[in-house]
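The values are calculated or read from the model by the stated rules, or taken from the named source; none is laboratory data. No experiment lies behind these values; they were computed from the predicted model shown. Neighbour counts run over all protein chains shown; Cβ positions are idealised from the backbone, glycine included.
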Amino acid sequence: MAKRSYQQHCGLAAALDAVGERWTLLIVRDLAPGPRRFTDLFEGLPGIATDMLAERLRTLEVVGVVEKVDLRHPAPARLYRLTERGKELARISGDLARWGLPLLAGGPSRSSRRNPAWALQMLARSFRGGAPDGEYRWSVDDHDFTIVVAGDLATMAYGHGDRDAVVSVTCGAGDFFSALRRRRGAGFPDGVQVEGSEEALRALLAAMPSTTAAAT
């Protein structure tokens, strides 16, 4: 596939030559919480074609953002993961995501797609502190995620960790998005099962800026 270039001797132009194509930074976003199989990435990017995803992944490999790793256990699998340079790009794109949050203040439109993984990343990126340290586990429609709080920093990862959780939440996607909009002292939808400290969970959600709540 012919590659377009700005043909400018400028760091920003060179960066956009490498990662400015459609879908590229969204792939980085979806790899930021951890390695993913090709099928995981394809499932999480509604609207992308398989050949486009393959092309974007090849480009990201060439520029040193993504690398492949083959696993033998517990089952053979090929995963894509961010390199150290890719993690640096993920941090930069996270700043861009925070910049874009106010643009979502009106809430999702009828045609907008929502994804619990994207919402939890927004929550972690906009976290302002005030919740107890530890793991906040989410199981949403059989997909597992964890937000890890350490002081004023929160990060989101796929799966669940090995430590005892501050709180574990199990729910469907609809109740998940309703729960994210709850504030300290508010109850949770009936479909949300909470094990552990509900107060800690409310504190986590209360630390989310109003722009993030509106975006969910």
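Looking at D95, is it more than 19 Å from A203 (Cβ to Cβ), in the same structural domain as A207 (by TED's automatic domain parsing), under 18 Å from the mean Cα position of the chain (by Cα) and among the charged types (D, E, K, R)? No; evaluated as a whole, the condition is false for this residue. Filtered by the rule that a residue be without any contact (Cβ under 8 Å) to a residue 40 or more places away in the chain, assigned to a loop (DSSP other than H, G, I, E, B) and within 20 Å of A154 (Cβ to Cβ), the range 104-134 gives a lone residue, D133. If you filter the range 160-180 down to residues that are of a type in the set (A, V, I, L, M, F, W, C) and in a helix (DSSP H, G or I), you find that the one that is surrounded by the fewest Cβ atoms within 10 Å (Cβ to Cβ) is A173. Among the residues of this structure, L153 does not count as one that is of a type in the set (A, V, I, L, M, F, W, C) and under 13 Å from A32 (Cβ atoms). Considering the range 127-164, the residues that are among the small types (G, A, S) and over 16 Å from L205 (Cα atoms) include one that is modelled with the lowest pLDDT, namely G161.
Note on the range 187-208: among residues that are touching a Leu at 6+ places or on another chain (Cβ under 9 Å) and more than 18 Å from A124 (Cα to Cα), the one that is surrounded by the most Cβ atoms within 10 Å (Cβ to Cβ) is F188.
Of L26, L79, all but one fail to be assigned to a helix (DSSP H, G or I) and closer than 25 Å to P116 by Cα; the exception is L26. Exactly one residue out of L57, L89 is assigned to a helix (DSSP H, G or I) and in contact with a Phe, Trp or Tyr (Cβ under 8 Å, 6 or more places away or on another chain), and it is L57.
Of the residues making up the range 72-87, those that are farther than 17 Å from R37 by Cβ, over 15 Å from the mean Cα position of the chain (by Cα) and charged (D, E, K, R) number 2.
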